[in-house]
Amino acid sequence: MNADSTHQQDLRHILNTMKRAHLQTGSAPASLRRDRLQRSAALIRENHAAFAAAISSDFGHRSGYQTMTADLVTTVAMLEHAAAQLETWMQPEAAEVPVAGMQAWIEPQPLGVIGVISPWNFPINLAFGPLAGIFAAGNTAMLKPSELTPATSALLAERVPHYFDPNELTVVPGDAEVGRAFSALPFDHLVFTGSTAVGRHIMRAAAENLVPVTLELGGKSPVVLDVDANPVLAAERTLTIKTFNAGQICISPDYLMLPQAAEGPFIEASKAFIQRTLPTLQDNVDYTSVISDRHYRRLVDLLSDAAAKGARIISLAPQGEPDFDPRTRKIAPHLILDVTEEMGVMQEEIFGPLLPIKTLRGDIDEAIGYINAHPRPLAAYYFGNDPQRQRQMAQQTTSGALVINDVMTHASLDSLPFGGVGASGMGAYHGIHGFRRFSHAKPVVVQDEAGTTNLRLRAPYQDKTAAVAALLKA
C-alpha cells in the first residue's frame, strides 16, 4: 500500500468520525457556535507570543509587528465579529408567498464538516479567517496547514486539542502527499487558499466526490494610475503593501500601469518612501524574509530574466546594502521598467517585493483593455479622482475587488465579501458572507389548509385550460 493510500484511509476515518458526530449532535445552537468562536479567539490570544516566534522561525525572519497585525489581531477581530453577529445571521429569512395562509422562509443550515487547506503566507489568518464563517454557520472542520511553515503547523496541531474536541476541529499537519489525500476527501465543503495552479488540482480532486469548493487564489493584481493621480501618494500606498510581508500576499500589487509623465515622479517618490520607512533592510526587524530558498531563487531568477530581456531595473536597496542576500533571504524592493510580455514578471504571480511598471501610451481605456485581455485578478487598484473614470474602472473591469486610491483596504472590512473571480478563485467569505458561504440556504414551505397553489396541477384540466391560456396573452 502506497503512502497516499495510507494517508487517505487514516484521514477518511477521521472525517467519517466527525461526520457521525455532527449528525448525532444536530444543528449547533447559537451558544455552542459562539463558544467555538470565542475559543478560537482565546487560542490565538493566549498563544500569540508562541505563534509569532514560530512564524518568524518558519520565514527565517518575519516582522513581529506584521504577524501581530495581519495574522493575530485581525483574525481575532474576525472571530469576535462573527460571535457578536451570529444570532442575527442565524435568523430565518421570510420569503414572499403567492396566497394568504401559506408560509415560506429560508432556513440557514450547517453544511457539515468543512475541509480547510491554508497557505504559508498568513498561516493563522488564512486558517482561522475561514473558520470564523465555518463555526458561525454551525459546522465543524478539518484543517490542513501548509508544510512550508512546519513550526507553526506543529504548534497548531499541539495547541488546538487544548481548546477543541477532535470532533469540532482537527489539525492535520503533513507534506504534499498528505495534502493530496486531504483534498480528495468527501467533505461537505472544501476551502483552499493558494496558487491558481494548485487550485486546479484541488478542484479536480474535489470533483471526484462532488465536493463544493471555495478557492481563494491569486493572480496578477494591477495598479492603475490615471492622468490626475498623485504619483507620490500612489507610490507610498502601493509600496506600503508591496513591502508588507515582503510582498508575499495574494492581493499584493503585482504590476503597475501609469502615464509616461508620471513615471519619473513615481520613481523618485518610491526611492524617498523606502529610504524614509526602511532605511536599512538586511538587519531590519521590520522587513520580512522570503519564505524559502526555492522562492528566493525564483524571485532572483525573475529579476535576472527581466534584465536579460531588456528591462530597466531600479533597486530600492539602501546605500551600501546588497540588492538581495541568500543568507537572510531578504530581497530589496525593485522597480522593473520597460517590461514586455515575454518576461516572467509579466507572466506569473510574483509574490515578492518586485514591481513591474508598464507605461501607458494612451488613456485609461488602454489600461482597461490590458486588464481585460488577461486572467481576472483577485484585486485591482485604481488611483484617480474623476468620479466618471472611477465608475468606468469599476464597471468595465472584472476583479475580485476594486480599491480606489488605496491598496488592500478591502481585506480588513468584515462587511465586504473577500474572494476571487475566474482564475483568481470562486466563492467569498468574511463576515456574513462567510456565514452564508458555509450554510445551506434551505427553503421551507408550509402549505395553507386549502392547498391553494397546487390545486391547479390536479386533473381534470379542462375547466382550468382557459384561465391558464389567458395568462399567456399579451
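Where a number appears in this text, it was derived from the coordinates with a stated rule and is not lab data. Note that the structure is predicted; figures quoted are calculated from it, not measured. Note: ideal-geometry Cβ built from the backbone for every residue, glycine included; neighbour counts use all protein chains shown.
Overview of values
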| read-out | value |
| --- | --- |
| Karplus-derived HN-Hα couplings along the stretch 76-92 (A = 6.51, B = -1.76, C = 1.60, θ = phi - 60°), whole Hz, x at Gly and Pro | 4, 4, 4, 5, 6, 4, 5, 4, 6, 9, 4, 5, 5, 4, 6, 5, x |
| Part-to-part distance (alpha-carbon centres) for the stretch 316-382 and the stretch 89-116, which is given in Å | 46 |
| Zone of ALA470's modelled label, taken as backbone nitrogen in the stretch 416-456 under 17 Å from a point 7 Å along Cα→Cβ | 456 |
| Ordering of 233-246, 17-30 by packing [mean C-beta count within 10 Å, highest first] | 233-246, 17-30 |
| In nm, spacing of pseudo-spin labels at SER304 and SER57 (7 Å Cα→C-beta vector) | 3.3 |
| Amide proton proximity set for LYS358, modelled H, under 5 Å, gap of 5+ | LEU256, MET257, LEU258 |
| Under 5 Å, built H, 5+ apart or other chain: amide partners of HIS189 | GLY115 |
| Paramagnetic reach from VAL227 (point 7 Å along Cα→Cβ, amide N under 16 Å) across the stretch 371-394 | 383-390, 392-393 |
| Whole-Hz ³J(HN,Hα) from phi, Karplus 6.51 cos²θ - 1.76 cosθ + 1.60, for the stretch 458-467, glycine and proline x | 8, 5, x, 9, 4, 7, 9, 4, 4, 5 |
| Cross-link partners of LYS309 among lysines (Cα-Cα below 29 Å; sequence separation of 8 or more within a chain) | LYS220, LYS242, LYS271, LYS330, LYS358 |
| Karplus (6.51, -1.76, 1.60) ³J(HN,Hα), θ = phi - 60°, over the stretch 271-280, in Hz, Gly and Pro reported as x | 4, 5, 5, 5, 4, 7, 8, 10, x, 10 |
| Separation in nanometres of the label points that stand 7 Å from Cα toward Cβ, at GLU80 and ARG45 | 0.7 |
| Distant-in-sequence amide H partners of LYS144 (H built 1.01 Å from N, under 5 Å) | VAL116, ILE117, SER118, VAL172 |
| Euclidean distance of C-alpha centroids, the stretch 209-250 and the stretch 440-472, integer Å | 52 |
| Cross-link partners of LYS144 among aspartates and glutamates (Cα-Cα below 20 Å; sequence separation of 8 or more within a chain) | ASP4, ASP10, ASP58, ASP71, GLU158, ASP165, GLU168, ASP175, GLU177, ASP188, GLU208, GLU216 |
| Percent of Cα pairs exceeding the 21 Å cut-off, where the set is the stretch 222-415 | 49 |
| Inter-part distance where the stretch 150-190 and the stretch 11-78 are each reduced to a Cα centre, Å | 11 |
| Nitroxide proxy distance, nm - points 7 Å out along Cα→Cβ at TYR461 and LYS442 | 3.4 |
| Cut-off 15 Å between beta-carbons: net charge of the residues surrounding PRO161, Lys and Arg +1, Asp and Glu -1 | -1 |
| Share, in percent, of DSSP beta bridges within the chain that are antiparallel, nearest 5 | 40 |
